[in-house]
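Asker: Supplied in structure tokens, the structure appears directly below.
The values are calculated or read from the model by the stated rules, or taken from the named source; none is laboratory data. Remember, it's a predicted structure, so these values are computed and weren't measured experimentally. All Cβ positions, even for glycine, are placed from backbone atoms using ideal geometry, and neighbour counts span all protein chains on display.
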Amino acid sequence: MAGQPDRIPVFAQMHEFVAEQLRIPRKEFFTNPEIMVPAMLEVHAEYGLDAASITFDVYNIEAEGLGQKLVWSDAFMPDVDRTEMLIRNRRDLSWIRTPDFDSVGNFGRVIRMHTLFKKLTGIEPTLSFCAPFSLAANIRGIEALLLDIYDDPEFAKLLFDRLTEEVLAPWILYQRKQFPRATNLNGADAIASLPIVNLSILKRWVIPYILRLRELCGPEVYVTNWAGERYLRTPEEMLDLKLTVGPGFLLGQDPDVEELGPAFYKRYTVRKDLPLILGIGAAFLANSNPTAVAERVRHYVEIGAQGGRFALYLCNIGGSTPPENVKAAVEAAHAYKVS
């Protein structure tokens, strides 16, 4: 991301794909780091990915630690039980308190997972957390949360303040204590994307709490995975907001890139003097064929890689994705002649 690589680097979010490829039951995969971490690294190597990383059920960790129930399935990672939300009224705010990270929920599993990853690779892990807005949505319910913002903003503020100050900041600092050399503190925040929210909500209810975490935990705190700029008349407005909480590069993902075109993102990052990552969409990878996948990768790479400081991202590869599509994506990117 700092210069001109000898080939286009490819990385991926692929935990569900890995579990399916190795036929590991989902509950066993997502609850046992000693199974999950080697499995992830094995498939990374098999498919020729350039960056070892561990992605996991980030959105569940803090929510479950507070008492939110989860739902398991045989085909996907666990999700919060949206029929029984933890926070139903103001009285339920008493559930929001700093957990004992040594003994409650899956906090310890995350530490074990990162410890094993570092042992096997020698690489400092990326420390992850569920960003304040997405965490609030996962324990309150997105519909109720949006109504709170408009009808009872005082309650919404109490919820965000307590999650930020009493849960997320302590959890991030706890992780940092275990891995003091880690330089990436990545917040997962997909729910804070258009059209679920609008720019006003992003500015007033999403960004301030991420910046507060940055104040409390350090400048390494960032969020990259908002999407939906294709819905705006002036999509650059969304990109500008991404940079306020970004780590010094821009991520564009399908279907935004598919609709707006890779050149839109390249022009923006050249103007801002930033590295660029373009993401091939999970639905496209799952439902297309190797020829179409290779074509899209070549198109994105030919435009995005001009001048270097570029990487290709395969977005959240699902278990139903044909393996030949993943191979086609990596091979097409690596075949590009860097000049």
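Asker: Check segment 229-240 and report whether any residue there is modelled with pLDDT of 95 or more and hydroxyl-bearing (Ser, Thr, Tyr). Reasoning before the result, please.
Answerer: Kept after step one, since they are modelled with pLDDT of 95 or more, are these residues of segment 229-240: 229-240.
If we keep only those that are hydroxyl-bearing (Ser, Thr, Tyr) too, we end up with 231, 234.
For segment 229-240, residues modelled with pLDDT of 95 or more and hydroxyl-bearing (Ser, Thr, Tyr): present.
Asker: (1) in contact with a strand residue (DSSP E or B) (Cβ under 6 Å, 6 or more places away or on another chain); (2) farther than 25 Å from LEU314 by Cα; (3) hydrophobic (A, V, I, L, M, F, W, C): which one isn't true of ILE87, the others all being true?
Answerer: Result: ILE87 fails condition (1) only.
Asker: Here's something else I'd like to know. Can you name the residue in segment 113-162 that is in a helix (DSSP H, G or I) and of a type in the set (Ser, Thr, Tyr) and is also nearest to TYR222 (Cα to Cα) among such residues?
Answerer: SER134
Asker: Counting just the residues of segment 127-155 that are under 20 Å from LEU199 (Cα atoms) and of a type in the set (Phe, Trp, Tyr), which one comes out surrounded by the most Cβ atoms within 10 Å (Cβ to Cβ)?
Answerer: PHE133
Asker: Have a look at MET85, MET40 and point out the one that is not acidic (Asp, Glu) and not assigned by TED's automatic domain parsing to the domain that holds ALA329. Before the answer, list the steps.
Answerer: Values: MET40 fails: not assigned by TED's automatic domain parsing to the domain that holds ALA329.
Within the list MET85, MET40, the selection yields MET85.
Asker: For segment 61-81, give me each residue that is of a type in the set (A, V, I, L, M), surrounded by 19 or more Cβ atoms within 10 Å (Cβ to Cβ) and not in a loop (DSSP other than H, G, I, E, B).
Answerer: ILE61, ALA63, LEU66, VAL80 - these are the residues of segment 61-81 that are of a type in the set (A, V, I, L, M), surrounded by 19 or more Cβ atoms within 10 Å (Cβ to Cβ) and not in a loop (DSSP other than H, G, I, E, B).
Asker: Okay, moving on. Residues to consider are LEU199, LEU158, LEU168; find the one that is in contact (Cβ under 8 Å) with a residue 24 or more places away in the chain, among the hydrophobic types (A, V, I, L, M, F, W, C) and buried (at least 20 other Cβ atoms within 10 Å of the Cβ). Explain how you work it out, then say what you get.
Answerer: Numbers: LEU199 fails: buried (at least 20 other Cβ atoms within 10 Å of the Cβ); LEU158 fails: buried (at least 20 other Cβ atoms within 10 Å of the Cβ).
That would be LEU168, the only listed residue that is in contact (Cβ under 8 Å) with a residue 24 or more places away in the chain, among the hydrophobic types (A, V, I, L, M, F, W, C) and buried (at least 20 other Cβ atoms within 10 Å of the Cβ).
Asker: Within segment 249-272, can you find the residues that are within 16 Å of LEU312 (Cα to Cα) and touching a Leu at 6+ places or on another chain (Cβ under 7 Å)?
Answerer: PHE249, LEU250, GLY252, VAL257, PRO262, TYR265, LYS266, THR269
Asker: Give the residue, chosen from LYS337, LYS266, LYS327, that is of a type in the set (Lys, Arg) and closer than 25 Å to GLU16 by Cα.
Answerer: Working: LYS337 fails: closer than 25 Å to GLU16 by Cα; LYS266 fails: closer than 25 Å to GLU16 by Cα.
Sole residue among the options that is of a type in the set (Lys, Arg) and closer than 25 Å to GLU16 by Cα: LYS327.
Asker: In segment 215-230, what count of residues is obtained for those that are assigned to a helix (DSSP H, G or I) and crowded, with 16+ Cβ neighbours inside 10 Å?
Answerer: Applying the first criterion (assigned to a helix (DSSP H, G or I)) to segment 215-230 yields 215-217, 229-230.
Filter once more, so that each one left must be crowded, with 16+ Cβ neighbours inside 10 Å: 217, 229-230.
Here the count works out to 3.
Asker: Can you tell me which condition THR183 does not meet? The list is (1) among the polar types (S, T, N, Q); (2) modelled with pLDDT under 95; (3) touching a strand residue (DSSP E or B) at 6+ places or on another chain (Cβ under 6 Å), and all the others hold.
Answerer: Here THR183 meets the rest and fails (3).
Asker: Could you list, in sequence order, all residues of segment 1-42 that are among the aromatic types (Phe, Trp, Tyr) and part of a helix (DSSP H, G or I)?
Answerer: Passing the criteria: PHE17, PHE29, PHE30.
Conditions tested, residue by residue: (1) touching a residue at least 40 places away in the same chain (Cβ under 8 Å); (2) outside any helix (DSSP H, G or I); (3) touching a His at 6+ places or on another chain (Cβ under 6 Å).
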{"site": "HIS44", "(1), (2), (3)": "no, no, no"}
{"site": "TYR59", "(1), (2), (3)": "yes, no, no"}
{"site": "THR83", "(1), (2), (3)": "no, yes, no"}
{"site": "SER103", "(1), (2), (3)": "no, yes, no"}
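Asker: Also: Quick check on ARG7: is it surrounded by fewer than 14 Cβ atoms within 10 Å (Cβ to Cβ) and modelled with pLDDT of 95 or more?
Answerer: Details: surrounded by fewer than 14 Cβ atoms within 10 Å (Cβ to Cβ): yes; modelled with pLDDT of 95 or more: no.
Here the answer is no, as ARG7 does not meet what is asked.
Asker: Name the pairs whose Cβ atoms lie under 7 Å apart, with the first residue in segment 214-229 and more than 14 Å from ILE196 (Cα to Cα), the second of a type in the set (Ser, Thr, Tyr) and at pLDDT below 95, and 6 or more positions between them or separate chains?
Answerer: GLU220/THR183
Asker: Still on this structure, I have one more. When you check ARG176 against the structure, is it basic (Lys, Arg) and without any contact (Cβ under 8 Å) to a residue 40 or more places away in the chain, yes or no?
Answerer: no
Asker: Could I ask something else about it? Just to be sure, is ILE207 within 25 Å of ASP79 (Cβ to Cβ), among the aliphatic types (A, V, I, L, M) and within 17 Å of the chain's Cα centre (by Cα)?
Answerer: Values: within 25 Å of ASP79 (Cβ to Cβ): no; among the aliphatic types (A, V, I, L, M): yes; within 17 Å of the chain's Cα centre (by Cα): yes.
Spelling it out, it is not the case that ILE207 is within 25 Å of ASP79 (Cβ to Cβ), among the aliphatic types (A, V, I, L, M) and within 17 Å of the chain's Cα centre (by Cα).
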